[in-house]
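Notes follow the structure.
The values are calculated or read from the model by the stated rules, or taken from the named source; none is laboratory data. Treat the numbers as computed from the prediction; the structure is a model and nothing was measured. Cβ atoms come from the backbone with ideal geometry, glycine included; neighbour counts cover every protein chain shown. Areas reflect the complete protein model, heavy atoms only, side chains present, ligands, DNA and RNA absent. Shrake-Rupley method; radii C 1.70, N 1.55, O 1.52, S 1.80 Å.
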Amino acid sequence: MPVKETTVEIKLKNLKNNLEYLKSKITSKTKFMAVVKAFSYGSDSRVVSQELERLGVNYLAVAYTQEGIDLRKFGIKIPILVLHPQEKDFDEIIENQLEPSVYSFRVLSFFIKALKKKNKTSYPYHIKFNTGLNRLGFLKKDVHKLSGIIKPNLPKYIFSHLGASEDLNEKKYTKKQIEEFISIDKALEIKLGTPMKKHLLNTSGILNYTDYQFDMVRSGIGLYGFGNDIEFESSLKPVLSLKTIISQVHEIKAGESVGYNKGFTAKTDSVIATLPIGHADGIGRQYGNGKGEVLIEDRMAKIVGNVCMDMLMVDITDIKCKEGDEVIFFDDKSYSAEEFSKKANTISYELISSISRRIKRVVSK
Ligand SMILES: *Cc1c(COP(=O)(O)O)cnc(C)c1O
């Protein structure tokens with residue numbers, strides 16, 4: 001069905017396909033955490049999380065507390081990890097049965113304070129270790145002090161995050177991260193006198209370092225259809241399509257310009273289509289001035305001039321099309337978000353997670 005306005009299509013059958021593919025890479029004993037942060041990578045957290053819960057994933061992960069609260073309000077029952085909680089969040093985390101990632105002594109003290117206030121002696125949480133990404137997490141040297149504090153209420157899991165699992169030229173760096181994680185785990189086990197459950201792998205980790213799946217894996221981008229590698233693109237299917245229509249067509253003469261600050265000046269007589277989507281919708285200015293291309297009637301049309309807030313213009317001089325015709329930014333068939341994003345030197349993650357909430361979502365089974 002052609003769209004009548006700018007529309008994000010969410011294909012749940014592709015989500016199911018991707019989940020099954022990713023699960024086929026791990027053993028049946030390994031748990032699966034679906035990462036649904038950032039509005040489920042720009043799709044629709046509620047719809048996608050509900051489907052993932054129905055499909056039997058064991059865990060969800062969000063970045064921030066409010067994302068988790070929204071899912072609880074919507075009725076999601078499975079455990080939810082909050083990857084990046086802040087000081088003021090801990091009361092709400094506990095009230096909403098969310099599991100915090102505790103990544104520093106500062107955060108640990110907020111968590112413990114909140115537990116005391118609520119008269120809780122035990123509560124599920126995860127401890128994050130920094131093994132080389134240098135973003136969040138305790139270091140190996142913290143193990144001694146940390147184990148003393150956490151002994152009365154042990155974490156449900158410890159985890160870490162790989163910084164380059166998609167890059168096979170960086171295997172040495174990844175192996176070093178893995179070794180560091182294993183060594184932290186051993187040190188903790190000795191201090192605590194009991195083994196810890198662990199999770200480490202993100203999507204590319206699942207695909208490239210399956211041996212280190214431990215007790216659970218965490219997948220985001222793979223569920224939405226991208227494997228950061230051609231090898232996996234045929235098995236994974238994009239969940240999101242972004243389409244719009246041509247609002248207006250202008251025939252311009254050589255020498256005339258298009259858009260703000262005369263971003264484009266026609267060398268020859270040209271035909272320009274205006275599309276109802278702009279940088280406020282997630283198609284950033286980096287796609288302007290000939291970088292980004294969209295698909296119209298199976299042909300590529302370049303974005304010309306500067307991307308405006310709510311509109312952008314494309315060159316359709318050589319394409320037979322008219323006002324009202326459909327325009328594809330990316331879909332699950334001929335033109336992927338990976339390809340579109342590459343043209344402006346960015347990645348599928350940024351493109352899809354930036355799709356504005358004002359764009360209409362249509363869900364299909
Ligand atoms: C976002 C994120 C993930 C998911 O990574 P993908 O590459 O999308 O699978 C996993 N773990 C952490 C800590 C994250 O921040």
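Surrounded by 17 or more Cβ atoms within 10 Å (Cβ to Cβ) and at pLDDT below 95: which single residue out of 220, 227 fits that description?
On the way: 220 fails: at pLDDT below 95.
Result of the check over 220, 227: 227.
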Here the residues within the range 35-60 that are closer than 20 Å to residue 347 by Cβ and outside any helix (DSSP H, G or I) are 35, 36, 43
Consider residue 336 against the criteria (1) open to solvent by 50 Å² or more (accessible area, probe 1.4 Å); (2) polar (S, T, N, Q); (3) under 21 Å from residue 38 (Cβ atoms): it satisfies all of them except one. Which criterion is unmet?
(1)
I want to confirm something. Restricting to the range 35-69 and keeping residues that are among the polar types (S, T, N, Q) and within 16 Å of the ligand (Cβ to nearest atom), which single residue is most open to solvent (accessible area, probe 1.4 Å)?
58
Hey, could you check the range 61-82 for residues that are touching a helix residue (DSSP H, G or I) at 6+ places or on another chain (Cβ under 7 Å) and assigned to a strand (DSSP E or B) and say which is nearest to residue 126 (Cα to Cα)?
82
Do the conditions hold for residue 252, that is, is it surrounded by fewer than 21 Cβ atoms within 10 Å (Cβ to Cβ), under 22 Å from residue 360 (Cα atoms) and among the β-branched types (Val, Ile, Thr)?
no
Condition broken by residue 363, with the remaining ones in (1) of a type in the set (Val, Ile, Thr); (2) open to solvent by 50 Å² or more (accessible area, probe 1.4 Å); (3) over 11 Å from residue 241 (Cα atoms) satisfied
(3)
Which helices (runs of 4 or more DSSP H) sit wholly inside the range 83-199 and have at least 1 residues that are of a type outside the set (A, V, I, L, M, F, W, C), open to solvent by less than 50 Å² (accessible area, probe 1.4 Å) and in contact with a Leu (Cβ under 9 Å, 6 or more places away or on another chain)?
143-150, 171-192
